[in-house]
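Scroll down for the structure; my scribbles are underneath it.
The values are calculated or read from the model by the stated rules, or taken from the named source; none is laboratory data. Worth saying up front: this structure is predicted, and the values here are computed from it rather than measured. Here Cβ is always computed from backbone atoms with ideal geometry, including for glycine, and neighbour counts include all displayed protein chains.
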Amino acid sequence: MRTLLLAAVGLLVCAVLTLKVTMGAPSTDSAKLSELAEARRTIRQLQQQLQAQHRRLAQPPDAGPSSAAASALVSPAKQRWEATPTNLKLNAILAERANARGEAMLALANDVMMCSNRKSCWWSGGNIFETFLKSLQRVKVTNVVVITLDDATHQFCTSFGSVGCLRLDMPVPKAQQGSRGANMISTLKYDLLRQALLMGFAILVVDLDLLFLKDPFEHLYRDADVEASTDGFSAAWAGGQIQSIHDANMGWGAGGLYVQHFTLNVGCAFFRPTEKAIELLRRVAYSLSQASGWDQQVFNSEVFMLSHGEYNGSKVGVRVMHYLEWVNSKVFFYSSRAHFFPGAPPKTAAELPVMVHMNYHPDKHKRMLCVWERYCEGKHSACDALPPATK
Ligand SMILES: *[C@@H]1O[C@H](CO)[C@@H](O)[C@H](O)[C@H]1NC(C)=O
């Protein structure tokens with residue numbers, strides 16, 4: 001690389017000298033002009049070659065503890081991560097925190113999640129971030145990086161002590177300015193996630209309004225590009241089902257089958273550093289940078305819409321996390337209430353959820369606290385009095 005660069009610099013100097021000499025030599029005006037043009041072209045070409053060399057040299061090496069494993073997943077023709085100051089910091093903290101498999105949990109946090117100003121949080125008070133961190137500390141999960149988006153949150157994160165905290169100021173894409181706080185944040189995470197995957201890490205990206213009751217990394221299957229929790233609230237809605245329609249007008253051909261399933265929840269989703277997962281994240285980030293949208297909706301269209309005509313779908317491989325282990329709050333409090341209530345000590349280890357996500361209820365923190373008391377402090381009936389639904 002160095003030698004090539006020096007050679008290119010040498011050629012550039014020669015070209016400049018040639019230009020000077022040419023300009024000094026007596027000849028007709030038109031010959032002079034064409035020589036001049038020729039020399040300029042040469043200089044331009046050499047400059048372009050030099051710039052290309054610079055770009056190549058500026059690219060970071062394959063990094064991360066899992067780079068050997070990752071190179072098996074990402075093709076040699078892969079794009080590399082960009083060596084911006086932000087990405088260099090992200091790479092350093094992921095390398096420091098990731099487990100032996102090169103896996104880390106990644107979350108984004110701002111002071112809204114701490115509800116330090118009661119006006120800015122839409123649940124009825126309580127520090128969601130703190131309860132989230134307590135749940136991770138209890139199950140001794142430390143391969144965690146929290147991106148903190150303001151100083152107060154960073155201060156809280158570092159003083160808590162058990163996870164990695166990275167203070168970043170992230171510009172909001174123009175298309176997302178003015179949309180609701182939580183949505184703005186979640187749109188930022190896709191580009192960051194993609195960079196982390198390009199670095200060779202596998203990332204479990206999580207929201208903060210959930211509690212981990214077991215080490216999530218002991219409950220992954222790792223056989224898909226994306227392994228994600230579900231917004232579904234039954235086995236069929238979570239994993240998918242074949243349904244039929246019957247159109248009597250069609251007589252003999254009245255029946256038809258279709259497939260339906262619920263959306264994945266990106267509030268708890270595991271991405272392996274595969275080409276398809278990286279491409280999926282690129283598409284979602286691009287789409288969100290172009291037009292205001294709910295990231296959950298954009299993400300699910302990119303995951304599930306079939307290729308057709310001009311539309312080239314992402315073709316990612318998907319696994320849905322078990323809805324009774326990675327539990328959304330509608331399943332826990334409402335639709336599978338009989339499975340979880342009344343509160344009692346779990347009879348088998350399998351009965352204890354990996355996590356409970358308060359995505360379906362507005363009184364998030366109250367419900368997080370009852371799950372904490374029930375499973376972590378042995379007050380088995382702590383959630384029993386909370387209503388199943390909002391109305
Ligand atoms: C669709 O995209 C993939 C890469 O994501 C590519 O390999 C494939 O050739 C594309 N198909 C078409 C028809 O362009």
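Descriptive notes on the structure:
- Checked against the criterion of being β-branched (Val, Ile, Thr), outside the structural domain of residue 236 (by TED's automatic domain parsing) and crowded, with 20+ Cβ neighbours inside 10 Å, the stretch 344-364 contains one or more residues that satisfy it.
- Filter result for residue 289 (in contact with a Pro (Cβ under 6 Å, 6 or more places away or on another chain) and under 28 Å from residue 91 (Cβ atoms)): yes
- Meets criteria (touching a residue at least 60 places away in the same chain (Cβ under 8 Å), aliphatic (A, V, I, L, M) and farther than 25 Å from residue 129 by Cα) for residue 278: yes
Condition check ((1) at pLDDT 95 or above; (2) more than 21 Å from residue 204 (Cβ to Cβ); (3) in contact with a helix residue (DSSP H, G or I) (Cβ under 8 Å, 6 or more places away or on another chain)) across all residues:
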| residue | (1), (2), (3) |
| --- | --- |
| 67 | no, no, no |
| 70 | no, no, no |
| 92 | yes, no, no |
| 128 | yes, no, yes |
| 140 | yes, no, no |
| 150 | no, yes, yes |
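- Scanning the stretch 95-122 for residues that are crowded, with 18+ Cβ neighbours inside 10 Å and not in a helix (DSSP H, G or I) yields 98, 102, 103, 104, 105, 106, 107, 108, 109, 110, 115, 121.
- Restricting the stretch 110-126 to residues that are more than 23 Å from the chain's Cα centre (by Cα) and in contact (Cβ under 8 Å) with a residue 24 or more places away in the chain leaves a set whose member that is farthest from residue 94 (Cα to Cα) is 124.
- Residue match in the stretch 143-157 (condition: assigned to a helix (DSSP H, G or I) and either under 18 Å from residue 267 (Cβ atoms) or of a type in the set (Val, Ile, Thr) (or both)): yes
- Any chance residue 224 is over 20 Å from the mean Cα position of the chain (by Cα), farther than 25 Å from residue 175 by Cα and not charged (D, E, K, R): no
- Flag if residue 204 is surrounded by fewer than 22 Cβ atoms within 10 Å (Cβ to Cβ), hydrophobic (A, V, I, L, M, F, W, C), at pLDDT 95 or above and farther than 30 Å from residue 139 by Cβ: no
- Just one of the numbered conditions (1) assigned to a loop (DSSP other than H, G, I, E, B); (2) at pLDDT 50 or above is not true of residue 48: (1).
- Those residues of the stretch 335-354 which are within 22 Å of residue 132 (Cβ to Cβ) and aromatic (Phe, Trp, Tyr), in sequence order: 340
- Taking the numbered list (1) more than 27 Å from residue 124 (Cβ to Cβ); (2) under 29 Å from the mean Cα position of the chain (by Cα); (3) not polar (S, T, N, Q) in turn, residue 349 passes all entries but (2).
- Selected residue [farther than 23 Å from residue 350 by Cα, among the charged types (D, E, K, R) and either in the same structural domain as residue 277 (by TED's automatic domain parsing) or in contact (Cβ under 8 Å) with a residue 40 or more places away in the chain (or both)] from 215, 209, 223, 191: 191
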